[in-house]
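The values are calculated or read from the model by the stated rules, or taken from the named source; none is laboratory data. Quick caveat, the model's predicted, so the values are computed rather than measured. Every residue, glycine among them, receives a Cβ derived from its backbone with ideal geometry; neighbour counts consider all protein chains shown. In case anyone asks, the SASA skips ligands and DNA or RNA and just uses the protein heavy atoms, side chains included. Shrake-Rupley method; radii C 1.70, N 1.55, O 1.52, S 1.80 Å.
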Amino acid sequence: SKQTDLVIALGGDGTILKAARKVSGLNIPVLGINLGGLGFLAEISFPEFYSALDPILQGKYRTVERMLLRSEVFRKGKTVGEFLALNDVVVKNGITARVIELRVEVNNEYVATYIGDGLIVSTPTGSTAYSLAASGPIVYPDLSVIILSPICPHTLALRPLIISCDDVVRILVEADHREVILSMDGQENFPLKLGDLIQVNRAKERLRLIVPEKKSYFQILRTKLKWGKR
């Protein structure tokens with residue numbers, strides 16, 4: 001509710017992703033406590049929890065704002081779904097391994113037809129998630145950009161593309177089979193049909209994330225991705 005001062009997400013990045021979609025419009029800061037393994041959003045480990053909590057409850061903390069994506073699905077000219085995502089919006093094939101065709105436009109200008117397993121539309125926050133697994137770039141989270149990363153494209157010429165956060169991405173489903181899915185943060189799934197149009201753009205909502213004073217983003221990358229180790 002609007003009377004809430006702070007949200008504490010116990011678990012990991014998945015818990016924060018779920019919390020972000022729920023509270024981003026309320027301007028409530030989120031504190032992530034990592035109870036699992038790999039985590040880029042839940043930066044405070046459980047042993048650090050109690051020592052970190054006291055100053056936070058006294059209002060002594062630093063927050064960063066992370067952009068979210070809003071996706072809208074149009075079917076025969078009518079809106080059939082609207083969603084928020086902190087990490088990424090993904091159009092992908094379902095259970096079967098059949099390739100799908102996606103016509104992609106940016107600001108009403110044709111970019112390319114992506115043929116393969118799908119397309120990831122990612123925020124800088126999500127650049128270290130599914131997009132990274134699909135050979136996308138790591139993007140500093142303060143940058144205002146959107147990343148388009150093809151999933152297993154059937155041509156090596158299709159590469160990840162970085163565009164402005166003010167751009168509007170439109171994806172037309174040209175696949176001829178039923179198992180095409182729109183996925184938000186890997187947690188919410190919406191079945192798509194031939195001819196569906198997905199519009200993705202920067203959301204007006206933003207996530208306020210509480211971050212430790214002593215940790216830098218590059219330190220997190222070195223720790224999580226084991227940079228510099230042999």
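Computed over the range 7-139, relative contact order equals 16 percent, with contacts defined as Cα pairs under 8 Å that lie 6+ residues apart.
In a DSSP loop and with at most 15 other Cβ atoms within 10 Å, the chymotrypsin sites (Phe, Trp or Tyr not before Pro) in the range 200-230 are Trp227. Here Lys92 is the anchor, and the aspartates and glutamates within straight C-alpha reach of less than 14 Å, apart from those fewer than 8 places off in the same chain, are Glu101, Asp117, Glu174, Asp176, Glu179, Asp185, Glu188, Asp196. Ranking Ile163, Leu192, Leu41 by Cα position along the charge dipole of the chain, where only Lys, Arg, Asp and Glu carry charges on their C-beta atoms, puts Leu41 farthest toward the positive end.
Net charge dipole, the chain: roughly 360 debye, given to the nearest 20, about the Cα centre with Cβ charges of +1 for Lys and Arg and -1 for Asp and Glu. Quick one: grab the alpha carbon gyration tensor of the range 150-207, order the square roots of its eigenvalues as a ≥ b ≥ c, and give me rounded if a/c is under 1.5, else prolate or oblate depending on whether a/b is larger than b/c. Verdict is oblate for the range 150-207.
Share of carbon and sulfur in the accessible area of the range 142-181 stands at 55%, probe radius 1.4 Å.
When the chain is treated as a GNM with alpha-carbon contacts under 10 Å, the residue of Gly118, Gly32, Gly195 showing the greatest mean-square fluctuation is Gly195.
Springs join every pair of Cα atoms under 10 Å in this Gaussian network model of the chain, and among Leu132, Leu194, Leu57 the largest mean-square fluctuation is at Leu57. With θ taken as phi - 60° and the Karplus curve 6.51 cos²θ - 1.76 cosθ + 1.60 applied, the whole-hertz 3J(HN,Hα) list for the range 54-71 is 4, x, 5, 5, 8, x, 9, 8, 10, 10, 10, 9, 10, 6, 10, 10, 10, 10 Hz, x standing for glycine and proline.
Cα gyration tensor of the range 130-172, axes a ≥ b ≥ c as square roots of the eigenvalues: rounded (a/c below 1.5), prolate (a/b > b/c) or oblate?
oblate
When the Cα positions of Val111, Thr128, Leu86 are compared along the charge dipole of the range 66-218, Leu86 comes out farthest toward the positive end, with charges on each C-beta of Lys, Arg, Asp and Glu.
Between the range 125-198 and the range 64-78, the alpha-carbon centres lie 12 Å apart. For volume of the Cα convex hull per residue in Å³, which listed value, (i) 123; (ii) 136; (iii) 109, comes from the coordinates shown? Computing volume of the Cα convex hull per residue in Å³ and matching it to (i) 123; (ii) 136; (iii) 109 gives (ii).
Here the Gaussian network model covers the chain, with springs between Cα atoms less than 10 Å apart; of Glu43, Glu174, Glu213, Glu213 fluctuates the most. Label separation (Ala97 vs Trp227): 3.5 nm, computed from points 7 Å beyond Cα along the C-beta direction.
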